[in-house]
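Peer 1: Handing you a structure now.
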Amino acid sequence: MTVTDSAARRPEVAARGPRPVRTSRSGRSGRSRLRSRAGYFLGFGAPGLLFYTCFVLAPLLLSLGYSLTNANAFQSQTRFVGLRNFYRLFQDPDFLMELRVTTILTLIIVIVPNLGGLGVAVLLNRSGRLYRILRSVFFVPVVLSSVVVSVVWQAMLTDGGLLDTALRSLGVHHPPGWLSDPSIALYSVAGIASWQLLGFCSVVYLAGLQGVPDELIEAAGLDGAGPWARFRHVTWPMLAPALTINTVMLLITGFKTYDFVQVITAGGPGTGTTATVAFGIIQTGFTDNDTGMASTMAVVMLVIVAVVSSVVLRLLHRREVEL
């Protein structure tokens with residue numbers, strides 16, 4: 001091709017105009033990926049988020065709002081009172097008594113099922129049909145309703161009930177008032193709650209025990225470690241995650257205990273000897289119709305549970321890392 005022919009073709013190329021810009025495939029793939037993620041969120045995340053907003057976040061915000069007012073079911077006008085409800089609450093001897101009862105009950109519920117569940121898990125950490133049946137037996141109370149458990153134990157522990165009859169047949173003429181003695185009733189309620197939660201702790205610890213490598217146990221035995229030394233230095237450190245799960249779950253359960261108290265003792269005997277904060281919230285909100293004060297109690301309890309649970313979780317998690 002000569003130079004003249006090449007020059008003759010240039011005007012034709014210029015007349016065609018600039019070449020169209022092709023869209024990048026990466027741009028199209030990025031937009032399609034974004035649409036795909038949005039579709040996944042609408043399909044899977046949005047229902048859960050909507051449920052959480054309606055049944056968790058919205059009631060929480062409403063409680064916080066009511067706690068700053070004098071809301072009452074039989075009062076037409078609701079006024080903003082600021083932090084006055086919180087000041088009145090911490091001056092109320094009934095609330096301080098309920099907080100003390102809740103603390104004692106929570107400590108028992110955290111300690112007793114943890115220790116008992118660990119012992120049961122160690123005993124049932126064996127193979128065989130009998131041990132499988134026993135595991136199911138110990139877990140049965142967990143799946144029962146707390147109300148059912150409370151009714152059964154109330155019938156057994158009431159004055160003249162099954163336990164009193166058995167003790168009298170053994171020569172005990174004056175059995176203790178398990179539910180009628182103010183100095184014993186709280187510990188009876190805590191014992192019933194601990195009995196139901198024992199199976200849950202046993203299952204969690206049993207899962208942890210079955211995850212301990214046999215090689216470590218055998219190596220410790222070859223080094224001359226006895227059963228207690230093997231458990232203390234090999235098995236127990238491996239159960240740190242199970243201890244964290246059980247402790248936090250029991251802690252939250254203890255702080256929000258209501259059904260056992262309502263069914264077994266109704267806050268008695270006497271005045272508030274077994275009344276927990278959760279029991280007081282229901283009484284204040286639905287019996288006294290003081291919505292503002294009940295919301296204040298709920299907010300205070302939420303803060304206490306959140307702070308205590310966070311501190312305990314952080315401490316136990318740090319122990320897991322150190323082990």
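Peer 1: Extension gain R31-V172, at 0.36 nm per residue separation less the Cα-Cα distance, in nm?
Peer 2: 42.7 nm
Peer 1: Moving to a separate point now. Against the 2.2 N^0.38 Å scaling, with N counting residues, where does the stretch 242-323 land? I'd like the Cα-based Rg ratio to two decimal places. Provide the component values of the computation, followed by the final result.
Peer 2: Details: Rg = 15.7 Å, N = 82, 2.2 N^0.38 = 11.7 Å.
This ratio for the stretch 242-323 stands at 1.34.
Peer 1: Further question on the same structure: Using only Cα atoms, tell me the angle between helix 240-255 and the longest principal axis of the chain; keep it within 0 to 90° and round to the nearest 10.
Peer 2: For helix 240-255, the angle is close to 70 degrees.
Peer 1: How big, in percent, is the set of alpha carbon pairs in the stretch 128-194 lying more than 18 Å apart?
Peer 2: Counting every Cα pair in the stretch 128-194, those more than 18 Å apart make up 50 percent.
Peer 1: Let a ≥ b ≥ c be the square roots of the eigenvalues of the Cα gyration tensor of the chain; is it rounded (a/c under 1.5), or, if not, prolate (a/b larger than b/c) or oblate?
Peer 2: oblate
Peer 1: Report, as a whole number in µm² per second, the diffusion coefficient that Stokes-Einstein gives for the stretch 141-261 at 25 °C and 0.890 mPa s using the Kirkwood radius over alpha carbon pairs.
Peer 2: 141
Peer 1: Still on this structure, I have one more. Could you state the number of Å between the C-alpha centres of the stretch 270-292 and the stretch 179-250?
Peer 2: The two parts, judged by their Cα centres, are 34 Å apart.
Peer 1: Hey, another quick one. If I model a spin label at V143 and D288 as a point 7 Å from the Cα along the Cα→Cβ vector, what separation in nanometres do I get?
Peer 2: Distance between the two pseudo-spin positions: 4.1 nm.
Peer 1: Compare the peptides 135-148, 33-46 by average per-residue count of other Cβ atoms within 10 angstrom and give them in order, highest first. Before the final figure, lay out the partial values.
Peer 2: On the way: 135-148: 13.6, 33-46: 10.6.
Final packing ranking: 135-148, 33-46.
Peer 1: Rank these residues by their accessible area, most exposed first, probe 1.4 Å: E215, E98.
Peer 2: On the way: E215 125, E98 30 Å².
Reading off the accessible areas and sorting them downward yields E215, E98.
Peer 1: Where does the stretch 181-323 land on Rg(C-alpha)/(2.2 N^0.38 Å)? Intermediate values should be presented prior to the final figure.
Peer 2: Details: Rg = 20.5 Å, N = 143, 2.2 N^0.38 = 14.5 Å.
The stretch 181-323 yields a ratio of 1.41.
Peer 1: If I model a spin label at L222 and V56 as a point 7 Å from the Cα along the Cα→Cβ vector, what separation in nanometres do I get?
Peer 2: Simple spin-label model gives 4.8 nm for this pair.
Peer 1: Apply the Kirkwood formula to the stretch 75-124: the hydrodynamic radius equals the inverse of the mean of 1/r over all pairs of different alpha-carbon atoms; give it in Å with one decimal.
Peer 2: About 14.4 Å for the stretch 75-124.
Peer 1: What whole-number distance in Å separates the alpha-carbon centres of the stretch 126-153 and the stretch 35-83?
Peer 2: 37
Peer 1: Where does the stretch 82-168 land on the Kirkwood hydrodynamic radius, alpha-carbon pairs, in angstrom?
Peer 2: Across the stretch 82-168, the inverse of the average 1/r is 17.1 Å.
Peer 1: Could you work out the local net charge near G280, counting Lys and Arg as +1, Asp and Glu as -1, over the other residues with Cβ closer than 15 Å to its Cβ?
Peer 2: That sum, taken over residues with Cβ under 15 Å, equals -3.
Peer 1: Let me ask you something else. Determine the order of C54, C201 by accessible area, beginning with the largest, at a probe radius of 1.4 Å.
Peer 2: C54, C201
The values are calculated or read from the model by the stated rules, or taken from the named source; none is laboratory data. Just so we're clear, the structure is a prediction, and the values are computed from it rather than from any experiment. Note that each Cβ is placed from the backbone with ideal geometry, even for glycine, and that neighbours are counted across all protein chains shown. Calculation scope for accessible area: heavy atoms of the full protein, side chains included, ligands and nucleic acids excluded. Shrake-Rupley method; radii C 1.70, N 1.55, O 1.52, S 1.80 Å.
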